[in-house]
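The block underneath contains the structure these notes are about, expressed in structure tokens.
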Ligand SMILES: Cc1cc2nc3c(=O)[nH]c(=O)nc-3n(C[C@H](O)[C@H](O)[C@H](O)COP(=O)(O)OP(=O)(O)OC[C@H]3O[C@@H](n4cnc5c(N)ncnc54)[C@H](O)[C@@H]3O)c2cc1C
């Protein structure tokens, strides 16, 4: 739950969880602002507009401190790509062609959207919650059944359990999507990001994320080296120098886990998602 809401209810918010923010799926997100894996209908549009207004306010009021920033993003492709419905929500949308598209791609939609650096954003949210009088209760065990939720001593309960909702709510429509990314050294000069041909490069303050695989209904969190190799090769089109360094780090990581903080390869993670 976003504890930054200006509603007076803030002081009464209690978050129940079995894991600290750094261990959630949210901590592993890349995380760009655009709809993904969801049918674009009126509801999705309305949520997107509200979320845009919210992140716009956060980025203006809290700036770097909250880890939310506006950034130029490219959706590049080798073949022409249709205008997307969410282009009416993001800003400064333009279609450009080679040679004005990074990576030598033939086509590129360029627009401004939000990026959320979750390593900054999640601790910031926690700070906001505590500053406004809310609290976090760390559970020894997960809540097992809906009855456990209903018995909590609160008049209103928001269920934000992500993939955990599959078993908590006995809802088979919620399933995992396994996503693998590589986390490499920061690119301080790169003030834009790109997704193209199924991969993406997202610079952040302390690192750069090269993504990403998506495997629906896969529950394992094991690293797939073949997928990692593909990411590294694809990423070279955008960052030839940075990725040369990364592939060294990747090899070292595979042989000796946890060697260094800068050029590490992130393990695969499960992504909670709703079936649409
Ligand atoms: C590699 C990767 C890249 C991604 N990139 C993007 C992106 O660019 N943009 C984007 O929008 N999304 C992205 N995502 C998806 C995004 O991370 C998730 O959709 C989002 O984090 C889900 O948030 P959540 O709060 O619903 O769930 P979570 O972050 O999983 O939080 C759920 C919380 O509920 C707790 N919980 C669960 N079950 C129980 C229970 N039974 N009892 C008590 N507590 C429970 C958990 O411990 C956790 O604290 C990415 C994901 C991955 C893995």
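The values are calculated or read from the model by the stated rules, or taken from the named source; none is laboratory data. Everything numeric here is computed off the predicted structure, so don't read it as measured data. Neighbour counts are summed over all protein chains in view; Cβ atoms, including those assigned to glycine, are modelled from backbone coordinates with ideal geometry.
Summary table
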{"quantity": "Which listed residue is in contact with a strand residue (DSSP E or B) (Cβ under 9 Å, 6 or more places away or on another chain), within 11 Å of the ligand (Cβ to nearest atom) and modelled with pLDDT under 80, from 182, 250, 266", "calculated": "266"}
{"quantity": "Residue list for region 117-145, restricted to those being surrounded by 13 or more Cβ atoms within 10 Å (Cβ to Cβ) and more than 30 Å from residue 191 (Cβ to Cβ)", "calculated": "129, 132, 134, 136, 142, 143"}
{"quantity": "Filtered residues of region 1-21 (kept if modelled with pLDDT of 80 or more, more than 10 Å from the ligand (Cβ to nearest atom) and touching a helix residue (DSSP H, G or I) at 6+ places or on another chain (Cβ under 9 Å))", "calculated": "13"}
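This table checks each residue for (1) in a loop (DSSP other than H, G, I, E, B); (2) touching a strand residue (DSSP E or B) at 6+ places or on another chain (Cβ under 6 Å).
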{"position": "40", "(1), (2)": "yes, no"}
{"position": "46", "(1), (2)": "no, no"}
{"position": "49", "(1), (2)": "no, no"}
{"position": "70", "(1), (2)": "no, yes"}
{"position": "74", "(1), (2)": "no, yes"}
{"position": "93", "(1), (2)": "no, yes"}
{"position": "96", "(1), (2)": "no, yes"}
{"position": "99", "(1), (2)": "yes, no"}
{"position": "109", "(1), (2)": "no, yes"}
